[in-house]
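Novice: After the structure tokens below, expect a handful of questions from me.
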Amino acid sequence: MDANGWVASVPMDAPRRPRGRPPSRSWAFFTTTTEPQKQPSAVCRHCNQLVQYHKKWAQARTHLMKCPQFLRMIDALPPSDVPEWYLAEINRRQQSVAPNRSANIPALFQQNQMPTQTPATPFKVIQPIPAPVAMATMMPGNENMAAKNGINTDWKKVEENVAMHLFTTMKLELLLEEKMELPFLLQAFHEYNVDSTLPNKEKLMTELLDRCYDNVKTRLLGFFKSGLVPVTLSMDTEGDEVVNYMATLASSEKRPMYLESVKISSSGDADANAELAARDVARVVEKLSSPVAGCVMPCSTGESRQTRELLEKQFPAMYFHGCMRDALLSLVRQLFTTNTERKRCVTVPFAQDLQQFALQCNDLAFFLPQQEFPSYLRGVTSSTSNMVHVTARRRLTVEEAFVAVLQAEPFLDVDNVLNRLVSSGGNGSNHHPSVAHLQTQLVKIVRSPQFVEKLGKYLEMLGPIHSLLSSLSDNANSTPLLLSDVYSSFSSIVQRFGSNASLQPEEKAALQALVRRQQEHVMGSAHLLAYLLDPVLLGEDLPADTKTEVEQKLMASLRGDGSQLSVSDKEALYTQYMDFKKHALNQKTNKADTLAFRALKERKKSPLQFWFADGSKWPVLQAIACRIFVMPVCAANVASSILRQKMDLLTSDKLTFVRLNSRQLRLVEAEGSSLAALVKKAPTANKANEITASMVV
């Protein structure tokens, strides 16, 4: 109604308010279906189970209160984010359970009894704060009171929980101190009139550490056995002294688990070192009670190739190859360092010039915005063999020199950089005299005739290596490098070096020889088989003779336990491989470009996910492909050297095992398996073609 008392007319095209009350926002916790209140059933977004709720929120809520995945998600939320309907349902159930529970408890016991969670209530119960008398009965020195009230307390379990809390939450610097002070934890004990002391440093690092280690080890072995795919091992060396062993499940590939650390007993004989390394890897493989697909090994050492050959003979059903990250970093070191090894037959002509240029770029970084160190270099340890001796007084590590050249890219547009410096600092009168001197040196360097030319040349040379290293890091902005892309990645670097117009012919030949040498150190049979079985690649760039050899290797594949395929399985393998090639070639044409294949081309779906979800049409080939594609491209690394500075290797090994794996297992449990949902969605028309753990491993 307007000021004159007239009723305002409503436009005819105005949207009408929907009838009825708006739907509850609680439906979003249950399903992603639009308007679920109008549907009789929907799939739970947490466990992928079809729930018949007949348009009733109460029945959907009942399912959520029993859904383990939803309850784990609620446990991980901060208290402010827990939905109100969940708290109301918890309160209602607690009130309904309390009268029945108290009816069977004597009056004397009721006042000190703390409510417990019953098997009939799988949801999380919010416990009230117990009375001091009840808490006192749980502490040591009060066994008589506990026996009188009928409460059995396992004080050893309490000690283990306290130790696990200290091992997993304390900073390493505090944990390694001779005397640990935890006043607030002691105050919590004293508040309940308990004359108790925390375990001393000696007991914590011996008896309690052993018990926690055994508990975490039991959980870890159970986690490995629960996977749908075999375990993959990886070796990571810390200098020339220690080898770390890690294990990974492809269903939780971002959560590698720590196994152990071993001191290297190196000798002057390369053959003896290779034999010792192969024997140690075999010991770790046999120590695991779960099937193992293979091992990723460092490739920077001279005997790594011999070690792999020995292991391939001992374990013919497993796959062994070098670490891609290790090979690329080794390539960078060979570019920046001079030839000091007699065995190294490839010499880079421009090594000295590149060192001098990297020093100039490092000085120019003062005038550029500060940038973060690349994530793929954070775990690299510096050593004396990793230093670039540019001048008598100036030294850089190889990593610093590499990053300095990459970060100097803005100086390709020299005028733009100089204009920004002048505009930000005026005529230089406001600067300190030393800064003005540096600016003068800057102009002198960047205005030299060959600076921009050299910068473009070295950026074009180092850029492909930097891109590959970035794809191997955990950076969310980069597409991860797959196992099937390793062969084509090396070929691409060789081609780019050959087409670089700023390089001289002898420089091109030296660079290509270095890349091919690293390719030989990395490549294993799993890379070529993955390149062949990737539905997007199909081994398209392999030479004809190499492709024939790889196909013969595929036809001679063994079972996961090392036994030979039967004659019927070999015939089925050949038939299924030809059918797979026909199917994939048909998908690669524009005539049958499906959404699933488009996701494969864009790398939104990995080849391993393809073989799990769509490979049941070729069961024999599927089992082989799954064992291949679970192999990682790089070795997992762990930073535990700080622990060894103040304790022996065995104690450091156990503490790292407990500290790292307890966190990883907790994260894996919350995240769930990335392959379990694909197995549920696999075709189930013929049960013989369904993917099972026994078939894959």
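The values are calculated or read from the model by the stated rules, or taken from the named source; none is laboratory data. Fair warning: this is a prediction, and the values are worked out from it, not measured in the lab. Because the Cβ atoms are built from the backbone with ideal geometry, glycine has one as well, and the counts that use them run over all protein chains shown.
Novice: Within the set of pairs 6 or more residues apart or between chains, which connect a residue that is within 19 Å of Tyr487 (Cβ to Cβ) inside the range 544-567 to a residue that is surrounded by 11 or more Cβ atoms within 10 Å (Cβ to Cβ) and not hydrophobic (A, V, I, L, M, F, W, C) with Cβ atoms less than 7 Å apart?
Specialist: Taking only residues 6 or more apart or on different chains, the pairs are Lys547/Gly539; Val550/Gly539; Lys553/Ser525; Leu554/Tyr577.
Novice: Now, a different point. Specify the residue that is surrounded by the most Cβ atoms within 10 Å (Cβ to Cβ); the eligible residues are those in the range 239-257 that are of a type in the set (D, E, K, R) and either in contact with an Asp or Glu (Cβ under 9 Å, 6 or more places away or on another chain) or modelled with pLDDT of 90 or more (or both). First the steps, then the outcome.
Specialist: Applying the first criterion (of a type in the set (D, E, K, R)) to the range 239-257 yields 240-241, 253-255.
Next cut, either in contact with an Asp or Glu (Cβ under 9 Å, 6 or more places away or on another chain) or modelled with pLDDT of 90 or more (or both) only: 254-255.
Numbers: Lys254: 12, Arg255: 19.
Here the answer is Arg255.
Rundown of residues vs (1) more than 22 Å from Gly672 (Cβ to Cβ); (2) under 33 Å from the mean Cα position of the chain (by Cα); (3) assigned by TED's automatic domain parsing to the domain that holds Asp75, yes/no style:
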position: Ala28; (1), (2), (3): no, yes, yes
position: Cys47; (1), (2), (3): no, yes, yes
position: Val51; (1), (2), (3): no, no, yes
position: Lys55; (1), (2), (3): yes, no, yes
position: Gln59; (1), (2), (3): yes, no, yes
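Novice: Further question: Of (1) touching a Leu at 6+ places or on another chain (Cβ under 9 Å); (2) not assigned by TED's automatic domain parsing to the domain that holds Phe336, Ser563 satisfies all except one. Which?
Specialist: Result: Ser563 fails condition (1) only.
Quick grid of which residues meet (1) free of Cβ contacts under 8 Å to residues at least 12 places away in the same chain; (2) surrounded by 21 or more Cβ atoms within 10 Å (Cβ to Cβ); (3) closer than 22 Å to Val231 by Cα:
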| position | (1), (2), (3) |
| --- | --- |
| Leu259 | no, yes, yes |
| Ser290 | no, no, yes |
| Ser304 | no, yes, yes |
| Thr307 | no, yes, yes |
| Val332 | no, no, no |
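Novice: Let me ask you something else. Among the numbered criteria (1) within 29 Å of Leu667 (Cα to Cα); (2) part of a helix (DSSP H, G or I); (3) modelled with pLDDT of 85 or more, which single criterion is violated by Ala58?
Specialist: (1)
Novice: Could I ask something else about it? Within the range 61-86, how many residues turn out to be aromatic (Phe, Trp, Tyr) and under 30 Å from the mean Cα position of the chain (by Cα)? Show your work before the answer.
Specialist: Here is the first cut: in the range 61-86, the ones aromatic (Phe, Trp, Tyr) are 70, 85-86.
Keeping just the survivors that are under 30 Å from the mean Cα position of the chain (by Cα) gives 70.
Of the residues in that region, 1 qualify.
Novice: Of the residues Asp210, Asp240, Asp214, which single one is without any contact (Cβ under 8 Å) to a residue 24 or more places away in the chain and of a type in the set (Asp, Glu)?
Specialist: Testing whether each residue is without any contact (Cβ under 8 Å) to a residue 24 or more places away in the chain and of a type in the set (Asp, Glu) leaves just Asp214.
Novice: In addition: Name, by its number, the condition in (1) part of a helix (DSSP H, G or I); (2) at pLDDT below 95 that does not hold for Gly428.
Specialist: Answer for Gly428: the failing condition is (1).
Novice: Let me ask something additional. For the range 66-118, give me every one of the helices (runs of 4 or more DSSP H) that falls completely inside it and has 1 or more residues that are of a type outside the set (S, T, N, Q), at pLDDT 80 or above and exposed (fewer than 15 other Cβ atoms within 10 Å of the Cβ).
Specialist: On the way: elements: 68-76, 84-103, 107-110.
Those helices (runs of 4 or more DSSP H) span 68-76, 84-103.
Novice: Follow-up question, since we're still on this one. How many of the residues making up the range 591-628 are polar (S, T, N, Q), in a loop (DSSP other than H, G, I, E, B) and under 18 Å from Ala676 (Cβ atoms)? If you could, list the steps in order and put the result at the bottom.
Specialist: First, pick out the residues of the range 591-628 that are polar (S, T, N, Q): 594, 606, 609, 616, 622.
Subset that is in a loop (DSSP other than H, G, I, E, B): 594, 606.
Of the ones still in play, those that are also under 18 Å from Ala676 (Cβ atoms) are 606.
Of the residues in the range 591-628, 1 are polar (S, T, N, Q), in a loop (DSSP other than H, G, I, E, B) and under 18 Å from Ala676 (Cβ atoms).
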